[in-house]
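Novice: I have a structure I would like to understand better, so I am pasting it below and will then ask my questions one at a time.
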Amino acid sequence: MEHRLVQAVEEALGWDGPGPLGSRFAQGSISDTELVGRLLTPPRLLDMVMRRSLANPQFRCFRGGEELHPNAYVNPQVTLRGQTIPMADMNRLGNLLRDGATMILDQANVFDATMEVVCRAMQWWSREHVQVNVYLTTNDAAGFDLHWDDHDVLIVQLDGEKQWEVRGTSRPVPMFRDAERNNTPSEEIVWAGTMKTGDVMHIPRGYWHKATRVGYGDGQSMHMTLGFAKRTGVSWLSWLADWSRETELFRHDLDRWGNQAARGVQEQGLAEAASRLIASRGPAEFLTLREREAAAPRHVPHLDIFGPLEAVACIAEFPPQIEERGETVAVLAAGKKLTFAAKALPALRLLLSGRPVPLDEAARVVGAEVEQVAKILTEEQLCANLTPELSSGYTGLVTNATS
């Protein structure tokens with residue numbers, strides 16, 4: 001999938017692909033200023049918050065560096081049947097932002113089609129799971145104090161400006177669940193400066209950082225943080241533990257009460273079986289199967305009673321694998337393996353490109369069979385009906401596959 005933000009980030013950071021992700025700090029600026037405003041604006045963010053039921057911790061507010069109780073900005077609405085639904089109190093929220101506060105919406109990709117498509121494009125690019133959080137800070141409000149994240153992040157300054165300080169690591173590649181705590185900040189300042197509209201920054205896992213608008217006076221800052229949950233050697237070993245259940249030896253109870261010789265035999269057998277398992281399923285297979293087995297994301301199902309299927313887009317978490325096998329073509333994605341006749345290959349390449357596909361235009365390009373193939377892929381949840389709302393997430397950012 002060719003997405004304008006992916007291309008702009010690579011250009012801004014001087015990258016040629018996702019290889020540098022997680023390896024070193026980088027900072028640059030997007031030259032396409034129109035692109036930044038297209039992604040999200042503060043009024044659109046506030047409208048998004050207003051129209052949805054949101055609760056802490058997904059929706060949070062901070063003032064003076066301290067997190068506020070949800071009652072300060074959430075007012076439960078009671079329905080006619082007495083059901084309570086948490087909704088943002090827009091008057092209270094507005095007053096907080098006028099005085100200076102930070103509002104955070106985690107997983108904005110769940111609520112907004114543009115953010116959803118951005119995350120999908122970044123996942124196809126990086127081959128890692130991605131989510132986007134949005135931070136809106138007003139006037140002289142402080143952001144988070146010095147901290148580190150357990151994942152790599154790309155930060156895009158969408159509007160306004162904010163002061164940042166980025167430091168190196170104090171523990172190499174720390175993890176959320178780790179063997180040691182990582183509480184002492186590094187003294188090494190890697191970068192300090194102001195992020196302005198269109199600026200991009202990559203902060204690898206474990207780098208300490210903080211951001212603030214203290215001292216800036218009137219104004220605001222809004223940035224999106226794309227978090228990349230990369231797999232580690234620990235992830236691979238955890239995956240191997242699941243595969244160990246196929247071997248009877250691993251399912252037996254560990255011998256606690258037998259004599260030393262018996263326990264030694266069991267330990268040696270387990271060690272040898274573990275060695276064989278490690279040799280048989282390496283990290284490359286883990287990464288491949290992880291992509292191939294990722295379940296389909298949330299989407300609007302297509303129902304014939306609402307009308308014919310007119311346009312689709314591939315919604316697989318990662319690029320589907322297409323394998324030509326003589327007279328047939330296999331598609332592997334979303335934990336499924338679909339087999340088509342070889343003549344379906346042009347239609348499959350178009351429909352699984354990650355770009356929106358109007359079926360009438362596609363039929364003129366690859367033939368009328370594209371409509372039947374699209375219906376199958378939609379039923380199998382590799383593609384989704386391109387509703388007007390989903391289509392809006394691609395507009396101006398990803399061109400149609402038939403263009």
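Novice: Are any residues in region 156-167 under 18 Å from residue 189 (Cα atoms) and either under 24 Å from the mean Cα position of the chain (by Cα) or outside the structural domain of residue 138 (by TED's automatic domain parsing) (or both), and if so, which ones? Write out each step before concluding.
Specialist: Quick first cut of region 156-167, residues under 18 Å from residue 189 (Cα atoms) only: 162-167.
Across region 156-167, the qualifying residues are 162, 164, 166.
Novice: In addition: Quick check on this structure: which one of 171, 205, 177 is part of a loop (DSSP other than H, G, I, E, B), in contact with an Asp or Glu (Cβ under 6 Å, 6 or more places away or on another chain) and not aromatic (Phe, Trp, Tyr)?
Specialist: None of the other options fit; the residue is 205.
Novice: Of all residues in region 1-31, count the ones that are out of contact with any strand residue (DSSP E or B) (no Cβ under 9 Å at 6 or more places or on another chain) and either under 17 Å from residue 114 (Cα atoms) or surrounded by 17 or more Cβ atoms within 10 Å (Cβ to Cβ) (or both).
Specialist: 6
Novice: Tally up the residues in region 61-96 that are in a strand (DSSP E or B) and in contact with a Phe, Trp or Tyr (Cβ under 9 Å, 6 or more places away or on another chain), please.
Specialist: Step one: of region 61-96, the residues in a strand (DSSP E or B) are 61-63, 66-67, 74, 77-78, 84-85, 87-88.
Cutting the leftovers down to in contact with a Phe, Trp or Tyr (Cβ under 9 Å, 6 or more places away or on another chain) gives us 61-62, 74, 88.
Within region 61-96, residues that are in a strand (DSSP E or B) and in contact with a Phe, Trp or Tyr (Cβ under 9 Å, 6 or more places away or on another chain) number 4.
Novice: Among the residues of region 291-320, write down those that are touching a residue at least 60 places away in the same chain (Cβ under 8 Å) and assigned to a helix (DSSP H, G or I).
Specialist: Within region 291-320, 291 is the sole residue that qualifies.
Novice: Please verify whether region 373-380 includes one or more residues that are at pLDDT 95 or above and among the acidic types (Asp, Glu).
Specialist: yes
Novice: It is to be established whether one or more residues within region 321-331 are without any contact (Cβ under 8 Å) to a residue 60 or more places away in the chain, in contact with a Pro (Cβ under 8 Å, 6 or more places away or on another chain), surrounded by 15 or more Cβ atoms within 10 Å (Cβ to Cβ) and not hydroxyl-bearing (Ser, Thr, Tyr).
Specialist: Our first condition is that a residue be without any contact (Cβ under 8 Å) to a residue 60 or more places away in the chain; within region 321-331, this holds for 321-331.
Going one step further and asking which of them are in contact with a Pro (Cβ under 8 Å, 6 or more places away or on another chain), we end up with 331.
Pick out the ones that are also surrounded by 15 or more Cβ atoms within 10 Å (Cβ to Cβ) and you get 331.
Among the residues that remain, those that are also not hydroxyl-bearing (Ser, Thr, Tyr) are: 331.
Yes, because at least one residue in region 321-331 is without any contact (Cβ under 8 Å) to a residue 60 or more places away in the chain, in contact with a Pro (Cβ under 8 Å, 6 or more places away or on another chain), surrounded by 15 or more Cβ atoms within 10 Å (Cβ to Cβ) and not hydroxyl-bearing (Ser, Thr, Tyr).
Novice: For region 259-281, what are the residues that are surrounded by 12 or more Cβ atoms within 10 Å (Cβ to Cβ) and of a type outside the set (A, V, I, L, M, F, W, C)?
Specialist: Of everything in region 259-281, those that are surrounded by 12 or more Cβ atoms within 10 Å (Cβ to Cβ) and of a type outside the set (A, V, I, L, M, F, W, C) turn out to be 263, 264, 266, 267, 269, 281.
Novice: Now, a different point. Residue pairs, Cβ under 7 Å, 6 or more apart or interchain, first in region 389-403 and within 18 Å of residue 350 (Cα to Cα) and in contact (Cβ under 8 Å) with a residue 24 or more places away in the chain, second surrounded by fewer than 20 Cβ atoms within 10 Å (Cβ to Cβ) and β-branched (Val, Ile, Thr). List them.
Specialist: Matching pairs, first to second residue: 402/365.
Novice: Within the group 298, 325, 349, which residue is under 28 Å from residue 40 (Cα atoms) and either modelled with pLDDT of 95 or more or not assigned by TED's automatic domain parsing to the domain that holds residue 121 (or both)? Don't jump to the end; show me each part of the working.
Specialist: Details: 325 fails: under 28 Å from residue 40 (Cα atoms); 349 fails: under 28 Å from residue 40 (Cα atoms).
Exactly one residue qualifies, and that residue is 298.
Novice: Restricting attention to region 98-110, which residues are more than 13 Å from the chain's Cα centre (by Cα) and closer than 18 Å to residue 58 by Cβ?
Specialist: Within region 98-110, the first condition is being more than 13 Å from the chain's Cα centre (by Cα), and the residues that meet it are 98-105.
Hits for region 98-110 are 101, 102, 103, 104, 105.
Novice: Name the residue, out of 288, 194, 225, that is surrounded by 11 or more Cβ atoms within 10 Å (Cβ to Cβ), in contact with a Lys or Arg (Cβ under 9 Å, 6 or more places away or on another chain) and either in a helix (DSSP H, G or I) or of a type in the set (Val, Ile, Thr) (or both). Lay out the reasoning, then the answer.
Specialist: On the way: 288 fails: in contact with a Lys or Arg (Cβ under 9 Å, 6 or more places away or on another chain); 225 fails: in contact with a Lys or Arg (Cβ under 9 Å, 6 or more places away or on another chain).
Of 288, 194, 225, the one residue that is surrounded by 11 or more Cβ atoms within 10 Å (Cβ to Cβ), in contact with a Lys or Arg (Cβ under 9 Å, 6 or more places away or on another chain) and either in a helix (DSSP H, G or I) or of a type in the set (Val, Ile, Thr) (or both) is 194.
Novice: Considering only residues that are in contact with a helix residue (DSSP H, G or I) (Cβ under 8 Å, 6 or more places away or on another chain) and of a type outside the set (A, V, I, L, M), look in region 200-229 and name the one that is farthest from residue 291 (Cα to Cα).
Specialist: To start, the set of residues in region 200-229 that are in contact with a helix residue (DSSP H, G or I) (Cβ under 8 Å, 6 or more places away or on another chain) comprises 200, 202, 220, 222, 224, 226, 228.
Cutting the leftovers down to of a type outside the set (A, V, I, L, M) gives us 202, 220, 228.
Details: 202: 24, 220: 39, 228: 14 Å.
In this case the residue turns out to be 220.
Novice: Still on this structure, please answer the following. For region 268-283, name all the residues that are small (Gly, Ala, Ser), farther than 12 Å from residue 244 by Cα and within 36 Å of the chain's Cα centre (by Cα).
Specialist: The answer is 279, 282.
The values are calculated or read from the model by the stated rules, or taken from the named source; none is laboratory data. Please read all numbers here as calculations on a predicted model, not as lab measurements. No Cβ is skipped: glycine too gets one built from the backbone with ideal geometry, and neighbour counts run over all protein chains shown.
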